[in-house]
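The values are calculated or read from the model by the stated rules, or taken from the named source; none is laboratory data. None of these values were measured; they are calculated from a predicted model. Here Cβ is always computed from backbone atoms with ideal geometry, including for glycine, and neighbour counts include all displayed protein chains. Side chains included, ligands, DNA and RNA excluded: accessible areas come from the protein's heavy atoms. Shrake-Rupley method; radii C 1.70, N 1.55, O 1.52, S 1.80 Å.
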Amino acid sequence: MSASERGAASDAGASGAATGRAAHKVAAEMDGLRAFACAILVCGGSGTRFGNPGGKQLVDIAGRPMMSWSIGAFARSELVGHIVVVCPSDKRDEMRRRAVEPFAFQTPITFADAGATRQDSTRAGLEAVPAGFSCVAVHDGARPLITVEAIDRAIRALAEDEALDGVVCGQPAIDTLKRTDADGIILDTPPRTEFWTVQTPQVFRTERLRRACTAADATGFVGTDDASLVERAGGRVRCIASPRDNLKVTVPEDLGLVDALMRVRLRNEGSAVGVPPTT
């Protein structure tokens, strides 16, 4: 058994002391699968909304390429045994050189070519997942503030409930929501207790997500996130709370806030946040 395998089994075993038979089952699954999850980091955006033709994944956040922070979080999770980075084929060498090679990531990292849409990119990432991983965690490379704790909580939530097909990180809605017509005229005010704002990672049983992607292709359905494909295919997906600062960099104005939050985290937590450079 490799060091990562021993770490995963030990981590799940420690939880077993607190959560009993459910966590014991997680430990057994992880040990038998060598690692429970493969991460799929989707880094294929064109940067249109961000206003940068070269994309946003390599912009600087607290002194490092943005996508390297997301890679680092998944690399530090003992429940993740492999990382697939999905990116444009013409960016692969640059991303590898700037966001992977300078850092001492211990988890194996491979690349897959991004598709024309986010849904196509997820499918490409799925096709690149090595055999033996029964769970995939799909994450936006433009969410650099994701934490190991949030990743592990989502993976464990799926592993501990056989009735679930997926788990989505997010938060219960706190703003009042209005439903309007095409002219912006308010039709009604639904109770916000029924709504969540969702993020990534979104964690799924690998074969369930594959079948959902196939079904979406067959019907021409295009979802707004990966969970919507599984939901439409009849899957059972649960929302779980994750930190509200797991923000996505979408427009240039987001950069200042995300950079500041990362620098505060670095001051408070130090080396626990990131993987040090290899040199």
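Accessible surface comparison of VAL198, VAL230, VAL237, probe 1.4 Å, protein chains only, largest first: the order is VAL198, VAL237, VAL230. Rolling a 1.4 angstrom probe over the stretch 108-250 with all protein chains present gives an accessible area of which 52% lies on carbon and sulfur atoms. A simple spin-label model places pseudo-atoms 7 Å from Cα toward Cβ; at THR214 and THR189 they are separated by 4.7 nm. Accessible area per residue was computed with a 1.4 Å probe on protein heavy atoms; ILE185 scores about 100 Å².
Ranking of PHE195, PHE204 by solvent-accessible surface, largest first: PHE195, PHE204 (1.4 Å probe, protein heavy atoms only, all chains present). Among the protein heavy atoms, those of LYS178 account for about 110 Å² of accessible surface (1.4 Å probe, every chain in place). Between THR224 and THR197, the contour length at 0.36 nm per residue exceeds the alpha carbon distance by 8.5 nm.
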